[in-house]
Amino acid sequence: MFIESFKVESPNVEYTENEIHSVYTYETTELVHENRKGTYQWIVKPKSVKYEFKTDVHVPKLGVMLVGWGGNNGSTLTAGVIANREVSASAELFVSIGISWATKDKVQQANYFGSLTQASSIRVGSFNGEEIYAPFKSLLPMVNPDDIVFGGWDISDMNLADAMARARVLDIDLQKQLRPYMESMIPLPGIYDPDFIAANQGSRANNVIKGTKQEQVQQIIKDIREFKEKNKVDKVVVLWTANTERYSSVIEGLNDTVENLLGSLEKNEAEISPSTLYAIACVMENVPFINGSPQNTFVPGLIDLAIRRNTLIGGDDFKSGQTKMKSVLVDFLVGAGIKPTSIVSYNHLGNNDGMNLSAPQTFRSKEISKSNVVDDMVSSNGILFEPGEHPDHVVVIKYVPYVADSKRAMDEYTSEIFLGGRNTIVMHNTCEDSLLAAPIILDLVLLAELSTRIQLKSEAEAKFHSFHPVATILSYLTKAPLVPPGTPVVNALSKQRAMLENILRACVGLAPENNMILEYK
């Protein structure tokens, strides 16, 4: 059974006009290596910690500024939100929210399929022997995507309607209906540094911010302030969905500390990437910044700056197709006691992302983010893998213009099974790249905004505080999750989703979903 909404009634939760206050007992374990009767043993000790959560229930008017607004992802997301918000001219009599359009198969209605927050569900309990589910977004008050105000930057001055047509992602009938809404949307000039992206992007760069890197940061800050004032939004979230950059060199004295990074900015050092410049501007303005590409935007000095100013940062690289499948399949194989020995992943795509990735230096950034996704799953099973042992793992990406945004991903997983046998799984995945990425962008900004309204404290702490500025809560949506220094990286998709859902459940005083269903055992 599916219900649209619910309210928790418990001594552990209180709903007030301004906040939801919950008390939650966190059950975990701690391990010690102790000498017991002359022999060292691992001892596991159950541990309970009481936490309190406060969630501000006032949902703000949200502005979202995209770096690369005129790209395939930016134009597709903007179009998708408008399509869900508006009404087709022919459908006004039916008072149906959302544009509909003709495809070769049927009349399609706008939706948010592919969005965790808008199109997935959570189990809330059982009733008369039947499992009860509710929308994920019903857990806590969230921004309605239809109310988001979009803006952003792009190195191309093409308006969003023409950018949508150039992307060749959406059906023509839908594009025709959206054009009047989007042709007046023109990106602000963006930061362009040809040293960090492929040379083939130069022909697009007719809309760039001039000046030193310090002046460029100040212009981004000015743009954010003016966007916020012009659109009367309460909060802004900035997200990078522009070209993949090459990796920045992390150099002692350049970007390894806050002071060195800001000093290098003043000196106009060449090795500070455009994405890092946007991130610096956002951190200085206390505006959440999310990196949707694989490059190392968050150099050590920038991470320290975000922690010092308590500004949310998250990333890296949208997890939409091949890598999402890999984080599920390898978790399954290792969890089943099957040993993956070779993983070969091949992609070809024809959009501008593929064109930019055809340069070796930008491909290397993508290769790193795609390759590390299995590490934690492999290291979790010391029966299958010796210390330091990994599967052979190769990632190939080719640019094939004809396929446009319809990326092809082909994977071969070879594993060792019982008594030296071999098992091979071959998978072909046609990924509509931007149609998969756009709902993930939506989830990232909605969850980033929500997390800024949540505060918590343990029983040992006197004051409430926000989550750590490095937002691990966003890990489910990224290929290479950014985590605070010293924090384990979790890539297994099921664990990432459970972490996110269970934190939100704790905010309303609900126990984590453990799927034991003891009442029926």
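Considering Cα pairs under 8 angstrom that are at least six residues apart, work out the relative contact order of the chain and quote it in whole percent. Could the numbers behind the result be given before it?
Working: 1061 pairs, mean separation 92.1, N = 521.
So the answer I get is 18 percent.
Carbon and sulfur: what percent of region 339-379's accessible surface (1.4 Å probe)?
On the way: 730 of 1300 Å².
That fraction is 56 percent.
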(message) For region 442-520, what are Rg and Dmax over the alpha carbons, in angstrom?
(response) 14.0, 42
(message) I'd like the Karplus ³J(HN,Hα) series for region 377-387: coefficients 6.51, -1.76, 1.60, θ = phi - 60°, whole numbers in Hz, and an x wherever there's a Gly or Pro.
(response) 5, 5, 5, 6, 10, x, 7, 7, 10, 6, x
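State in Å² the accessible area per residue of the chain; use a 1.4 Å probe, count heavy atoms of protein chains only, and round to the nearest integer.
Values: 24090 Å² over 521 residues.
Per residue, the chain has 46 Å² of solvent-accessible surface.
For the chain, give the magnitude of the charge dipole about the Cα centre (Cβ charges: +1 Lys/Arg, -1 Asp/Glu; no others), in debye to the nearest 20.
Values: 49 positive and 62 negative charges, 63 e Å.
Around 300 debye, computed over the chain.
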(message) Just want the answer: with Cβ charges of +1 for Lys and Arg and -1 for Asp and Glu, which residue in Gly71, Leu254, Val236 is farthest toward the dipole's positive end in the chain?
(response) Gly71
(message) What translational diffusion coefficient, to the nearest whole µm²/s, does region 10-154 have by Stokes-Einstein, given a Kirkwood radius computed over alpha-carbon pairs, a temperature of 37 °C and 0.692 mPa s viscosity?
(response) 161
(message) On the principal axes of its Cα set, how long, how wide and how thick is region 12-88? Give whole Å, largest value first.
(response) 76, 38, 22
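Under the rule a/c < 1.5 gives rounded, and otherwise a/b versus b/c splits prolate from oblate, where does region 164-260 land using the Cα gyration tensor? Please report the intermediate quantities before stating the final value.
Numbers: a/c = 2.39, a/b = 1.49, b/c = 1.60.
It comes out oblate by the Cα gyration axes.
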(request) Please list, in chain and number order, the residues 5+ apart from Lys235 or on another chain whose amide H is under 5 Å from its amide H, with Hs placed from the backbone. (result) Lys61, Gly63
(message) Under the √(5λ) rule applied to the eigenvalues of the Cα gyration tensor, what semi-axes describe the equivalent ellipsoid of region 256-340? Give them in Å, descending.
(response) 34, 13, 12
(request) Could you tell me which of rounded, prolate or oblate describes region 209-260, using a ≥ b ≥ c as the square roots of the eigenvalues of the alpha-carbon gyration tensor, with rounded for a/c under 1.5 and, failing that, prolate when a/b is larger than b/c and oblate otherwise? (result) prolate
(message) At 1.4 Å probe size, with the rest of the protein present, what percent of the exposed accessible area of region 121-233 is carbon and sulfur atoms?
(response) 49
(request) Please tell me which of these pairs span more than 27 angstrom C-alpha to C-alpha: Lys137/Lys398; Lys326/Lys457; Lys106/Lys407; Lys137/Lys324? (result) Lys137/Lys398; Lys326/Lys457
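Over all directions, what mean area does the Cα convex hull of the chain project, stated in square nanometres? Can you show the working numbers first?
Values: hull surface 117.6 nm².
Averaged projected area of the chain's Cα convex hull equals 29.4 nm².
Which translational diffusion coefficient, to the nearest whole µm²/s, is obtained for region 392-488 from the Stokes-Einstein equation, given a Kirkwood hydrodynamic radius over C-alpha pairs, 20 °C and 1.002 mPa s?
Values: Rh = 17.9 Å.
In µm²/s, the coefficient rounds to 120.
The values are calculated or read from the model by the stated rules, or taken from the named source; none is laboratory data. Since the structure is predicted, the reported quantities are computational estimates derived from the model, not experimental observations. So basically every Cβ, Gly included, is an ideal-geometry build from the backbone, and we count neighbours across all protein chains shown. Side chains are part of the model used for accessible areas, which takes the heavy atoms of the whole protein and leaves out ligands, DNA and RNA. Shrake-Rupley method; radii C 1.70, N 1.55, O 1.52, S 1.80 Å.
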